[in-house]
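Some notes on the structure that comes next.
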Amino acid sequence: MPKIKLSEYATTTIKEVCASFNHNEGELINVLHQVQHKLGYLPAEVQELVAIELNIPVAKVYGVVTFYSFFTMLPQGENPISVCMGTACYVRGAEQVLDEFRRQLKIDVGETSADGKFSLNALRCVGACGLAPVVMVGDRVHGRVSPSDVKKILAECKDGCLTHN
Amino acid sequence: MMNTIQLKIDNKELEVPKGTTILDAAKRNGIHIPTLCHMKLHDMNIENKPGGCRVCVVDVKGRRNLAPACVTEAENGMEIDTHSMRVINARRTLTELIISDHPFECLTCAKSGNCELQQLAHDMGIREIHFEGDKSTYRKDTSPAIIRDPDKCIMCRRCEMMCNKIQTVGVLSAINRGFMAVVSPPFEENLDHSVCTYCGQCVAVCPTGALTEVDHTPAVIRALSDPTKTVIVQTAPAVRAALGEEFGLEPGTLVTGKMAAALRRLGFHFVFDTDFAADLTIMEEGTELLDRLQRHLNGDQTVKLPILTSCCPAWVKFFEHQFPTMIDIPSSAKSPQQMFGAIAKTYFAQKQNINRNDLVVVSIMPCLAKKYECSREEFSHDGNPDVDFALSTRELAALIKLANIDFHALPDEDFDHPLGESTGAGVIFGTTGGVIEAAVRTAYELQTGKTLQRINFEELRGMEGIRDATIDFDGLPIRIGIAHGLGNARQLLEDIKSGKSHYHAIEIMSCPGGCIGGGGQPYHHSNSEILKARQKALYSEDEAKTLRKSHENPYIIKLYEEFLGKPMSHKAHQLLHTGYFDRSTTFVEED
Ligand code: SF4
Ligand code: SF4
Ligand code: SF4
Ligand code: FES
C-alpha cells in the first residue's frame, strides 16, 4: 500500500480550499492557485491530495500544473524572481537579463539558491509589454531592466526592502 | 425531412442526418478522408476527436480556411472538395511538420507496418522533410507489460481518452505545453509506479510506436532452442478468432486448427489450450458461487455477494487500486492463464517426470495484462514462475512469419492431451458475457441436479457496456450483471456499493468487447465490426462443440480424480486460488 506523507497543516489547507470550491473539478485551476498561494508550491504529495479531494485522476492535476508556467512544484526562494519571456520582452533583451540572473545567482531557471533566498523563473507574457523587459520579484514589478540592473535588484532584495511574511 | 441535410462532397449529392460530421458524411458514402488523431469505434461509444492534427482538412466552398472534417458539422448546401490541390498541399505540409519532430526509427520500431503515421507519410508521398527543428528526447519507460517511448508521441491523445474516459483509470494525461507537450503518467513516473492496470487499451489505439508491448519473443525463441527444456504452450480463446487477420483472413475466421499446427511447427513440445483451464476456472468459480449462494440462503450474514469474476488481471489490478474495501468480493479463483501454469508445473510435470525448472510454460494471449500477471510474485514457486512468458496474438503472428511457416498451407491439427481438451464453455471466455454464461451452464446443473434444456443464454450476450439478466435456477432467480470496459465496471461497482443494484454474480472484463478486443490483438484500426466478427466466431466454435459445459470435460473430471480431489478442496485452494492486495494510496502525517 503506497503511503503519502503530508503535514497536518498542508492537509487541512488543501481540504479547506477544495471545500471552499465545493470540490468542483471545474475549479481545479483556482484550487491550485490558492493552494500554491498558501503553501508556496505544489509538490507531488499536495497534488495527490488535491486529486483525491476533487475526485479526479492525479495525472490530470499534474497535467494542469505543468501546463501553466505559473505553477511550481519546487519550493520558491524568499525572493521569487520571474523574468518575462513574452515576445516584447524577448526582443528587448529579456534573455540577456535572465542569463545575468543565472550567472549571478549560480542557479538555473526553475531552481532555488542554496541559501533559500532566491528562485528563478521564466514566465510567459505578464501583460506589461510597455515596460519590457519586465522582471518581477514577488509582486513587485521592475520595468525596462537591462543586465546591468541585475546586481542592484539583487542587492535591494538582500537589504530586505522587500517585505515578506 | 427536417432531420436530414443535403450537401455535395466531391461533386456527389448526399443526404445525411443533421449533426453528422463532414468526416462521417464522407465515410458513409465511401469517400476517404485521411485522419490521424481522430478515432471512433462505431456503436461502442468510443470516440476521440481533439481536432488537433488537421490532417483531415477539406475545402468548403465559400470558406476562407480549410475545415477539419472530423470536428466540423456538415451543413445543408455545403459543397466540399476533399482532395483539392490546396487541401493536398496543406495535408502534406502538416504531415511533414509532424514528422519533423519524429525519430526516424521505422526500421526497428515495433509498430512498423501498423503505424498510422508511417501510412500517412506513405499516402502523402513524403520524400523529404523541409523543416528542421529540435527533436524531443524523452526517457523510455519500460513496465512489465507496456513500453512508452514518448519521442514517438504525436499528441493525438487517443490513449488519454481510452485511459480516462473509457477505462476511468486516469494514468495518462497530457502534460507540458507546446513543443514539450507529451502524454505521461503523473509526475513523469514510470507506469509501474502508477495505478495502470496494463489493460493495454492505450496500446490498442496508439497510432504510432509511442505505446507498445514488452516483447517476450526473444525469450521464447531462446527457450525453444534450448535442448534441456521442455517448452509447452497454451492459447487463450480469443486468439483463435483474431490470429487469421494477421495473415489476411477475414475478421472472424476461426484458425484454431492452423494455430495448433503452427505452434507445433515452431517446436513447442506440447500444444495445449487455455480453454482447458477456462473449464477448470468454471469448476472452481462456479462451486464458489454456489457455496456463497447456499450460505447466503441459509442466512449466513458473513457471506459476501455478489461474487465477481476474477479472470481478467487488469480488472484485478483495477479493484486492488480503486476499490480496496471490496477486495474480498471477487472470486478467489485464479485466471485461466495462471490455473494452467499451476497445473502444468505440478500435475503435468509430475506425469512427464520433469523438474518444474526444466519446464517452460508459454502462453499466447490477446492481452497485455497477462504479461504483467505472470510476473506477479504470488504466481511463482521458489522464483520459478508458473507461466514463464506471455506472447500477444500479434507477437505469435510475427513469430510464425519469422519462422517462414506458410500459415495458409497448414493442416488443421488438434491440441495435445491432457491439457488441450476443452468444452464450448471454455471457448466463449474470450467474449464479454462468455465467462458468466459458462458459469451459469455449470452452476445451474450442479445446483439443480437437472440437465439444461437450452445451452445458449442469449440474454447474457451482446456488446452493450453494462447488461443484466435474471436466470431461473429452477425456481431460484439468479441476478447477473455484466460489464466490459473498466469505466462500466466502475459504474456497476458504485451501484453495488451504494446499494442501488443487487446481483448474485457479476462478470467483468477490462477490454471493450472482452478479450476479443484485448490490447494484444491484431490492431482493429478503429473498426468495431472486427470485434463483432470475432465475437460471432467464438459463439460459432462453441456451437460446433459436442461438449459445451465445463463439468463435462473428461480431462477435467480426470484431473480432479487423479490429482485435485474435488473443486475447492485443499489442494485446489493451494494451486488454483489466490488473494488480492490493497494497492490504494493512503495519506499519513509527516513526522
Ligand atoms: S494500460 Fe490501460 S490503465 Fe494502463 S495506461 Fe493504458 S489504458 Fe491506462
Ligand atoms: S502515446 Fe500514442 S495514443 Fe497517446 S497521444 Fe501519443 S501518439 Fe497518441
Ligand atoms: S479483458 Fe481479456 S484481454 Fe482485456 S485485460 Fe482482461 S483478460 Fe486481458
Ligand atoms: S483527424 Fe481531424 S484533426 Fe486530426
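Considering region B:287-353, what Rg and Dmax in Å follow from its alpha-carbon atoms?
Considering region B:287-353 through its Cα atoms, Rg and Dmax are 15.4, 47 Å.
In cubic angstrom, how much convex hull volume per residue do the alpha carbon atoms of the protein assembly as shown span?
Enclosed volume per residue, from the Cα hull, is 214 Å³.
Normalise the Debye intensity by I(0) for region B:218-576, one equal point scatterer per Cα, no solvent, then take log10 at q = 0.06, 0.15 Å⁻¹ and round to two decimals.
Each listed q maps to, in turn, -0.20, -1.32.
I'd like the Karplus ³J(HN,Hα) series for region A:49-56: coefficients 6.51, -1.76, 1.60, θ = phi - 60°, whole numbers in Hz, and an x wherever there's a Gly or Pro.
6, 4, 4, 5, 5, 9, 6, 10
Kindly flag which residue pairs out of B:Lys345/B:Lys566; B:Lys18/B:Lys40; B:Lys165/B:Lys304 have an alpha-carbon separation exceeding 28 Å in this structure.
B:Lys165/B:Lys304
Work out the length of the dipole vector of region B:1-118 about its Cα centre, built from +1 on the beta-carbon of each Lys and Arg and -1 on the beta-carbon of each Asp and Glu, and round it to the nearest 20 debye.
Here the size comes out at about 180 debye.
5 Å is the cut-off here: which amide hydrogens, built 1.01 Å from N in the peptide plane, fall below it relative to B:Phe473, excluding neighbours closer than 5 in sequence?
Here the answer is B:Ile478, since their amide H atoms fall under 5 Å of that of B:Phe473.
When Cβ neighbours within 10 Å are restricted to other protein chains, what is their mean count per residue of peptide B:55-68?
Across B:55-68, the average partner-chain Cβ count within 10 Å equals 0.
Between B:Lys450 and B:Ser540, what FRET efficiency comes out of the Förster formula 1/(1 + (r/R0)^6) with R0 = 25 Å and r the beta carbon distance, rounded to 0.05?
0.40
Which Cα, out of B:Thr168, B:Leu97, B:His122, lies furthest along the positive dipole direction of region B:97-213 (beta carbon charges, K/R +1, D/E -1)?
B:Thr168
Just tell me which aspartates and glutamates come within less than 17 Å, Cα to Cα, of A:Lys3; anything on the same chain fewer than 8 places away is out.
A:Glu45, A:Glu48, A:Glu53, B:Glu189, B:Asp192, B:Glu320, B:Asp582, B:Glu589, B:Glu590, B:Asp591
For region B:97-213, with all protein chains present and a 1.4 Å probe, just round the carbon and sulfur fraction of the accessible area to a whole percent.
Looking at region B:97-213 in its full context, I get 53 percent from C and S.
Quick check: the distance between the Cα centres of region A:110-142 and region B:137-200, to the nearest angstrom?
32
For region B:355-430 and region B:291-348, compute the distance between their C-alpha centroids and round to whole Å.
Using only Cα atoms, the two centres lie 22 Å from each other.
Through the Karplus equation 6.51 cos²θ - 1.76 cosθ + 1.60, θ set to phi - 60°, convert the phi angles of region B:280-291 into ³J(HN,Hα) values in whole Hz; use x for Gly and Pro.
Computed from phi, the couplings for region B:280-291 are 5, 4, 4, 4, 6, 5, x, 5, 4, 4, 5, 5 Hz.
Return the calculated 222 nm mean residue ellipticity for chain A, to the nearest 500 deg cm²/dmol, obtained by summing -39500 (n - 2.57) across DSSP H runs with n ≥ 4 and dividing by the residue count.
One gets -13000 deg cm²/dmol as the mean residue ellipticity at 222 nm.
In what sequence, highest mean first, do B:314-323, B:83-92 appear when ranked by Cβ atoms within 10 angstrom?
With the highest mean Cβ count within 10 Å placed first, the list reads B:314-323, B:83-92.
When a/c reaches 1.5 or more, the comparison of a/b and b/c decides; with that in mind, is region B:97-213 rounded, prolate or oblate per its Cα gyration tensor?
Verdict is prolate for region B:97-213.
Which of the listed residues, B:Ile508, B:Thr470, B:Leu564, is farthest toward the dipole's positive end in region B:454-577, when Lys, Arg count +1 and Asp, Glu count -1 at the beta-carbon?
B:Leu564
Name the residues whose placed amide hydrogens come within less than 5 Å of the amide hydrogen of B:Val360, ignoring near sequence neighbours (fewer than 5 apart) on the same chain.
B:Thr230, B:Val231, B:Ile232
Between B:Thr108 and B:Asn45, take the C-beta separation as r, use R0 = 30 Å, and let me know the FRET efficiency to the nearest 0.05.
Here the calculated transfer efficiency is 0.25.
At 7 Å along the Cα-to-beta-carbon direction for both B:Ala219 and B:Ile88, put a label point, then send me their distance in nm to one decimal.
4.9
Return the sequence-ordered ³J(HN,Hα) values of region B:61-74 in whole Hz as given by the Karplus equation 6.51 cos²θ - 1.76 cosθ + 1.60 applied to θ = phi - 60°, using x for Gly and Pro.
Result, ordered by residue: 4, x, 9, 6, 9, 5, 10, x, 5, 6, 10, 9, 6, 6 Hz.
Only Lys, Arg, Asp and Glu count, each charged at its Cβ (+1, +1, -1, -1), so figure out the dipole size of the protein assembly as shown about its Cα centre, rounded to 20 debye.
1240
Assigning unit charges at the beta carbon (Lys, Arg +1; Asp, Glu -1) and nothing else, what dipole magnitude in debye, to the nearest 20, does region B:412-553 show about its Cα centre?
Dipole magnitude for region B:412-553 comes out near 540 debye.
How long are the semi-axes of the ellipsoid equivalent to region A:79-157, from square roots of 5 times the Cα gyration tensor eigenvalues, in whole Å, largest first?
19, 12, 12
What is the Cα centroid distance between region B:74-129 and region B:491-516, reported in whole angstrom?
After rounding, the separation between the Cα centres reads 41 Å.
For region B:218-576, what is the percent of antiparallel DSSP beta bridges, rounded to the nearest 5?
30
Counting only Cα atoms, I'd like the Rg/Rh figure for region B:4-83, Kirkwood definition for Rh.
Result: Rg/Rh = 0.94.
Compactness ratio of region B:350-481: Cα Rg over 2.2 N^0.38 Å, N = residue count?
Output field value: 1.39.
Once you average over the residues of B:191-201, how many Cβ atoms of partner chains fall within 10 Å of each Cβ?
Rounded to a whole number, the mean comes out at 1.
Based on the mean of other beta carbon atoms within 10 Å per residue, what is the order of B:298-306, A:129-137, most packed first?
Descending mean neighbour count gives A:129-137, B:298-306.
Quick one: which of A:4-11, B:476-483 comes out on top by average Cβ neighbours within 10 Å, and what's the full order, highest first?
The peptides rank, most packed first, as B:476-483, A:4-11.
Work out the P(r) tail for region B:464-591: percent of alpha carbon pairs separated by more than 20 Å, whole number.
That tail contains 69 percent of the Cα-Cα pairs.
Between B:Thr228 and B:Gln574, how high is the FRET efficiency from 1/(1 + (r/R0)^6) when r is the Cβ-Cβ distance and R₀ = 35 Å? Nearest 0.05.
It comes to 0.80.
What is the projected area of the convex hull of the Cα atoms of region A:8-67, averaged over all directions, in nm²?
3.4
Where does chain B land at 222 nm, in deg cm²/dmol rounded to the nearest 500, when only DSSP H runs of n ≥ 4 count, each adding -39500 (n - 2.57), divided by all residues?
-9000 deg cm²/dmol
As a quick test, which of the pairs A:Lys5/A:Lys117; B:Lys111/B:Lys140; B:Lys351/B:Lys549 have an alpha carbon distance above 18 angstrom in this structure?
Table pairs above 18 Å Cα-Cα are A:Lys5/A:Lys117; B:Lys351/B:Lys549.
How big is the equivalent ellipsoid of region B:169-260 along its three axes, where each semi-axis is √(5λ) from the Cα gyration tensor, reported in whole Å from largest to smallest?
Working from the Cα gyration tensor, I get semi-axes of 34, 20, 12 Å.
If every alpha-carbon in region B:316-373 counts as one equal scatterer, what log10 I(q)/I(0) does Debye give at q = 0.14, 0.17, 0.23 1/Å?
So the normalised log intensities work out to -0.54, -0.71, -0.95.
Which whole number gives the average count of other chain Cβ atoms within 10 Å of the Cβ atoms across peptide B:577-589?
3
Cα convex hull of chain A: mean projected area in nm², to one decimal?
Quarter of the Cα hull surface area: 10.7 nm².
Relative contact order (percent) for chain B, with alpha-carbon contacts under 8 angstrom and 6 or more residues of separation?
16
The values are calculated or read from the model by the stated rules, or taken from the named source; none is laboratory data. All values reported here derive from a predicted model rather than from experimental measurement. Cβ atoms come from the backbone with ideal geometry, glycine included; neighbour counts cover every protein chain shown. Only protein heavy atoms, including side chains, enter the accessible area calculation; ligands, DNA and RNA are left aside. Shrake-Rupley method; radii C 1.70, N 1.55, O 1.52, S 1.80 Å.
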